[in-house]
Ligand code: NAD
C-alpha cells in the first residue's frame, strides 16, 4: 500500500505563490515516482490571509496547519500591509504558526553548491565543501522572556527591558534535536553560548553537557558566541551542527547562510515534539521582484527535500533532490540572483521546469 501524507500549502504573499507553484510541481513528481499519496490543501496566510478573512492567520488556515503531517510555507509580507495594526501584520502569522504548532527547533542548513562557489564573498578554499546545520531554539529565550517593555522612570528617563529565560526542559529538548541531527551527519556538535557573562547560558552549557551523556558517539564542543561569529568567517568548515539560543541562532544562521552566496538558495525546517513541522525558504516575500517571474524557486524546492527527510523519513528523496539542483546549476542554469558570467539566465518557472525534468530522470 502506498504511503499517504497530508501537506498544508501556504503560498502567502509577493513571490511566495510563485516559488510555491514550482515546489508543488516537484511534489507531484515525487508523489508519482515514489508511488505516494500526497493530499495537498492550500490556504491563505499573511497578507493573503488578512485580505481573505481579516486576519494574517485565519482560523481555517491554522486548523489546516495543525492537522497536517507537514506545512509548506512560501513567504509573507509586503508594503500593502505595512501600515495596518501591528497585531494584524502578515509577519504575525509566522509567530502564530510556530507557537501554536510548538515548533521549537529551527534547522537551517548552510550548504554550498559547487557550481555556486564563485557567488560566495569568501575565498574558494574557505567555503568549498561547506555543509553546516544551524539548530536554533525558536520559541524561548530573550524574544519571549518576561518582563519586557519600555517604562518611564520617576525622573522622566526611560528604561528598556528584555529578559533572557531558559528552563532546563527547553534546553534539553533542543539539545536532543541537535544530537539527533548530528547523528545523521558528521556527528559533531558545537553548542554556542555566552556562559562567561550570562548565567542563563551557563545553565544552557550545563544542560547540553548533561544531555550529551546519552549521545556518546557524538562529539560536543562549547564555544562563546563572539568566537563563533569570528570562526564562521575564518574557518567555517570546522562546523557540522551548531546548536544555540533563539537570538544567537537568529544572527549566526543568517551569517552562516550567507557564506553560501544567495538567500534564494536556502531552505529551512521548523520542528516540534510531535508530528507538526513547517518547511519554508529563509527569504521573505521580495515585493521588489514579485510578479515578474524572476524569483529563485530553489530554496523552496530544497525545503520540500527537507520535508521528505525530516517529516516523512524518506531521506533518499532529499539526497536526490539536492543532487538534481546541483546538476541543474552545473548545467549553467541561473536565476538573476545567482547569475554569473557564462550562465544561462532563466526565470522562476523555467528553473522549476529544469529541476522537474532532471528529477524525472533521476528519481
Ligand atoms: P526578502 O528576503 O524578501 O528580500 C531581500 C532581497 O533578496 C530582495 O532584494 C529580494 O528581491 C531578494 N530575494 C529574496 N528572495 C529571493 C528569491 N527567492 N530569488 C531572488 N531574489 C530574492 O527580505 P526583505 O526585503 O527584508 O522583506 C520583504 C518582505 O518579506 C517584508 O514584508 C518582510 O517582513 C517579509 N519577510 C518575510 C519572511 C517570511 O515570510 N519568512 C522572512 C523575511 C522577511
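With a 10 Å cut-off between alpha carbons and a GNM built on the chain, which of 297, 109, 287 moves the most?
The residue with the greatest mean-square fluctuation here is 287.
Semi-axes of the equivalent ellipsoid for the range 1-116, please: Cα gyration tensor eigenvalues, times 5, square-rooted, ordered largest first, whole Å.
Details: eigenvalues 136, 65, 41 Å².
The three semi-axes for the range 1-116 are 26, 18, 14 Å.
Could you give the length gained on full extension between residue 340 and residue 39, defined as 0.36 nm per residue of separation minus the Cα-Cα distance, in nm?
104.5 nm
Extension gain residue 99-residue 217, at 0.36 nm per residue separation less the Cα-Cα distance, in nm?
39.3 nm
Mind running the shape call on the range 112-265? Use the C-alpha gyration tensor, a ≥ b ≥ c as the square roots of the eigenvalues: rounded below 1.5 for a/c, prolate if a/b tops b/c, oblate otherwise.
oblate
Which value, to two decimals, describes the C-alpha radius of gyration of the chain once divided by 2.2 N^0.38 Å?
So the chain has a normalised radius of gyration of 1.00.
Give me the distance in nm between label points sitting 7 Å out from Cα along the Cα-to-Cβ direction at residue 273 and residue 237, one decimal.
4.1
Going by how many other Cβ atoms sit within 10 Å of their own, how do 15, 282 line up, fewest first?
Numbers: 15 31, 282 20.
Final ranking by Cβ density, sparse to dense: 282, 15.
Calculate the FRET efficiency for residue 52 and residue 187 from the Cβ-Cβ distance with a Förster distance of 45 Å, rounded to the nearest 0.05.
0.45
How large, in Å, is the range 145-231 by the Kirkwood hydrodynamic radius built from its alpha-carbon pairs?
Numbers: mean 1/r = 0.0675 Å⁻¹.
One over the average 1/r among Cα pairs gives 14.8 Å for the range 145-231.
Could you pull out which residues in the range 129-167 have an amide N less than 13 Å from a spot 7 Å beyond the Cα of residue 199, following the Cα-Cβ vector?
Correct set: 164-166.
Could you please rank 41, 163, 260, placing first whichever residue has the fewest other Cβ atoms within 10 Å of its Cβ?
163, 41, 260
Expressed in nm to one decimal, what extension gain is obtained for the pair residue 361 and residue 28 from 0.36 nm per residue of sequence separation less their Cα-Cα distance? Write out the running numbers ahead of the final one.
Working: separation 333, 0.36 × 333 = 119.88 nm, distance 1.44 nm.
Net length gain for the segment: 118.4 nm.
Laboratory data are not the source of any read-out in this text; all were calculated from the coordinates shown. The structure presented is a predicted model; accordingly, all values stated were derived computationally and were not measured. Don't worry about glycine lacking a Cβ; one is built from the backbone with ideal geometry, like all the others, and counts go over all protein chains shown.
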